[in-house]
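All remarks here apply to the structure that follows.
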């Protein structure tokens, strides 16, 4: 097959950066997408190259007109005629708040970035895909919890989980697997302050079967497995990568 190629959206920081670095460590040439954080994307590329890998940064703001065409103009330039093997839809807009506070503009933005963009990125990517490829979309454990502060966000993630299942059925004839990964509370270098409220980190860890917060590398390893040949018989699935968050009462 030769050297594999990968596109990771939202890879300028956090989980996306960890995924890009992990795929590069497995030998993939990685297209590092960013929305507005060009400096962060450059840092991701530099990290990959420092470790002996190859990567290219491509900028495109998602959720706006012509977002997919802007993205793939850069992707095709970076690929330089090579096919695409792995697509990781990681970029996402953050929760907009509870029902009473979410505006129509915020709601539309959430769906534009979290649902419309991944859908049409896949549509645009498929002609570039080699048979036997991997499509992985980052979801959230918000889909299996009743959190009033994340209703609209959870709706978007429920949509991409359904998308993954149906596309797995459609694309299986080409040997392309389509899966989703659902992280829980995951602390990264950029969101660490969100867990600094007194007692919050301890509460979440105490509600998690594995008794700690997640880290970006935990998610990247799951994605890397799904992108590997070892996961060739897994498709149409949502893989919970939360360490067992809120599975039930702990004795």
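Per-structure values
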read-out: Residue list for the stretch 98-130, filter: closer than 21 Å to residue 8 by Cβ and not in a helix (DSSP H, G or I); value: 129, 130
read-out: Identity of the residue in the stretch 85-106, more than 19 Å from residue 17 (Cα to Cα) and within 20 Å of the chain's Cα centre (by Cα), that ends up modelled with the lowest pLDDT; value: 96
read-out: Cβ pairs under 6 Å, 6+ apart, first in the stretch 167-195 and part of a loop (DSSP other than H, G, I, E, B), second at pLDDT 95 or above and surrounded by fewer than 19 Cβ atoms within 10 Å (Cβ to Cβ); value: 175/131; 175/132
read-out: Residue tally, condition touching a residue at least 40 places away in the same chain (Cβ under 8 Å), more than 16 Å from the chain's Cα centre (by Cα) and under 18 Å from residue 75 (Cβ atoms), over the stretch 24-39; value: 2
read-out: Scan of the stretch 18-34 for residues that are out of contact with any strand residue (DSSP E or B) (no Cβ under 7 Å at 6 or more places or on another chain) and within 20 Å of residue 84 (Cβ to Cβ), ordered by number; value: 21, 22, 25, 26, 27
read-out: Single match in 42, 18, 46 (criterion: without any contact (Cβ under 8 Å) to a residue 40 or more places away in the chain, assigned to a helix (DSSP H, G or I) and either closer than 20 Å to residue 70 by Cβ or touching a helix residue (DSSP H, G or I) at 6+ places or on another chain (Cβ under 6 Å) (or both)); value: 42
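The values are calculated or read from the model by the stated rules, or taken from the named source; none is laboratory data. Since the model is a prediction, treat every value here as computed from it, not as a measurement. All Cβ positions, glycine included, derive from the backbone under ideal geometry; neighbour counts span all protein chains shown.
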